[in-house]
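Below: one structure, written as structure tokens.
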Amino acid sequence: MQQKKLSERYNRFRFDAGCLALNFVATVRHRGSHLRDLLISPEALNKWFLQSGLSSAQVQIFPKDLKNAVKLREAIHDTVYALIASIKPEESDISLINRFAKYTIPVPQLSTDRCNIELDTPFTPMSLLALIARDAIEHIGNPDRQRMKKCENDTCRMLFIDISPANRRRWCAMSICGNRAKVALHRKKLSAGQTELF
């Protein structure tokens, strides 16, 4: 039963990375160990668009849209990962992010009768990916980008933005990887104490 609960939890999307683009990157879980890609179908991508708040209705997604989404996700991941490691990002990844960002997005308009927000055209998978690419550009190009970090749990490696005042956050979430690290440290101390007794 415990294993089933654990499996269900690791099949859920995470939206705690600190920005839209890194939440999208987090659709791959456990990059450091048993990598689990949650974007396995067009339906899964649609579900992410809905849960992220990017879309309020289903959009028609074809396999090529899913392929494009994965390409963008990996380009963002590799670019941010390189910056965290103080390595020059690949030009091809930056070019790809820039290409996605240029895609036209619907323009919000006020309706004349009730002043509701309406879009001039409906969202498409590419326009939603363009919003993710633009968010990535805003955060990667920001002088504050040193707040982008990698979870110190080597099996996790989730990328996130550290919004703590001291900029000393080490884990994707204290309740997940931070807690695991505390438990491991506690066990190590107990084990060391027991060894000293004999």
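No value in this document is a laboratory result; all are computed from the given coordinates. Because the structure is a prediction, the values reported are computed rather than measured. Virtual Cβ from ideal backbone geometry, glycine too; neighbours counted across all protein chains shown.
Could you run the Karplus curve 6.51 cos²θ - 1.76 cosθ + 1.60 with θ = phi - 60° over segment 110-125 and give me ³J(HN,Hα) per residue in whole Hz, x for Gly and Pro?
Couplings: 8, 6, 6, 7, 10, 6, 7, 7, 10, 9, 5, 9, x, 5, 10, x Hz.
Take peptides 118-124, 141-147, 107-113 and line them up by average Cβ neighbours within 10 Å, highest first, as a rough protection proxy.
Descending mean neighbour count gives 118-124, 141-147, 107-113.
From zero up to wherever the largest Cα-Cα distance of segment 2-167 sits, split into 10 Å bins and tell me the percent of pairs in each.
For segment 2-167, the binned pair fractions read 10, 36, 34, 16, 4, 0 percent.
Can you list residues from other chains, or at least 5 along the same chain, whose modelled amide H is less than 5 Å from the amide H of Met148?
When sequence neighbours closer than 5 places are left aside, the close amide H contacts are Asp162.
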